[in-house]
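J.: One structure is given below, represented as structure tokens, and several questions about it will come after.
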Amino acid sequence: MEGEATKKLLKKSVAVKVGDGGEDEPLKDRIWSETKKMWIITAPAIFTRFSNFGIYIISLSFIGHLGSTELAAYSLVCTVLLRFVNGTLLGMASALETLCGQAYGAKQYHMLGVYLQRSWIVLTICSIFLVPLFIFTALLLKALGQEDKIADAAGEISPWLIPILFAFVMSFTCQMFLQAQSKNMIIAYIAAPLVVVHPCLSWLWTTKYKFGIQGAMASTILAYWLLNIGQLVFVMCGGVGN
């Protein structure tokens with residue numbers, strides 16, 4: 001009897017390891033359960049990335065109505081400079097997710113805030129060193145062989161992206177801070193209003209009141225910082241560790 005019981009236990013454990021779900025839970029139920037858990041975490045993150053990228057697309061579409069030169073200049077600055085600083089700061093902020101995840105798992109909740117504040121300092125210093133790229137954009141583009149007309153237009157647009165550069169610091173760090181605690185839905189809830197607010201502001205300031213490139217860039221800056229303000233309010237008042 002003891003030998004038969006041992007064989008049954010071994011058979012059941014092997015079945016679980018190979019993925020047939022064992023006798024208690026079929027494989028399809030386990031797959032469905034794991035899929036739901038995955039999408040609960042990933043769906044808000046996907047929506048947040050979509051809404052952030054939507055800010056760029058909406059601004060691009062409104063700037064396109066101002067002229068081909070402005071469109072080319074904005075596309076060039078965002079593709080070359082903004083994507084470069086985006087990747088740099090996002091890569092550095094990714095370390096925060098690991099540190100906060102370890103602290104949260106160890107229930108050392110006081111370290112979450114410490115890591116967040118340190119990341120603000122480090123990424124802000126890094127952003128300061130990246131600011132000259134946006135100040136001397138026209139000279140850099142001309143040195144790379146870009147047409148003077150487009151380079152000069154890009155030089156007028158690029159200083160408007162400096163507030164967005166520092167907005168990335170707050171946005172990326174707060175997102176990593178919340179994702180480490182599986183609070184992705186909060187990020188999605190905060191980003192959702194921007195899908196409506198940003199197009200309305202862009203139309204109002206660019207098309208209706210004819211503020212031109214200044215109106216388009218002002219609405220873009222406001223959209224990024226509204227997201228940051230919402231995240232900061234929740235981080236400071238949301239109850240870490242709950």
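J.: Under 1.5 on a/c is rounded, so check that first for segment 149-231, then, if it is not, pick prolate when a/b is larger than b/c and oblate when it is not; a ≥ b ≥ c are the square roots of the alpha carbon gyration tensor eigenvalues.
T.: oblate
J.: Relative contact order, percent, of segment 107-242 when contacts are C-alpha pairs under 8 Å separated by at least 6 residues?
T.: 28 percent
J.: Can you give me the angle between helix 110-135 and the longest principal axis of the chain, using Cα atoms only, in degrees from 0 to 90, rounded to the nearest 10?
T.: Value to nearest ten degrees: 30.
J.: On to the next question. In vacuum, with every alpha carbon of segment 55-236 counted as one equal point scatterer, what does the Debye formula give for log10 I(q)/I(0) at q = 0.08, 0.18 Å⁻¹? Two decimals, please.
T.: Log-scaled intensity ratios, in q order: -0.29, -1.14.
J.: Against the longest alpha carbon principal axis of the chain, how many degrees, from 0 to 90 and to the nearest 10, is the axis of helix 148-157 turned?
T.: The answer is roughly 60 degrees.
J.: Helix 27-64: angle to the longest alpha-carbon principal axis of the chain, degrees 0 to 90, nearest 10?
T.: Helix 27-64 sits roughly 0 degrees off the main axis of the chain.
J.: With Cβ to Cβ distances under 15 Å as the rule, what net charge do the other residues near residue 160 carry (K, R +1; D, E -1)?
T.: That sum, taken over residues with Cβ under 15 Å, equals -3.
J.: Once you've got the GNM for the chain with C-alpha springs shorter than 10 Å, pick whichever of 156, 34, 70 has the biggest mean-square fluctuation.
T.: Among 156, 34, 70, the largest GNM mean-square fluctuation belongs to 34.
J.: With a sphere of radius 14 Å drawn around the Cβ of residue 55, what net charge do the other residues whose Cβ falls strictly inside it have (Lys, Arg +1; Asp, Glu -1)?
T.: For residues surrounding residue 55, the net value is +2.
None of the figures in this text is laboratory data; all of them are computed from the coordinates on show. If you're wondering where the values come from, they're calculated on a predicted model, not measured in any experiment. When we count neighbours, we look across all protein chains shown, and the Cβ atoms used for this are built from the backbone with ideal geometry, even at glycine.
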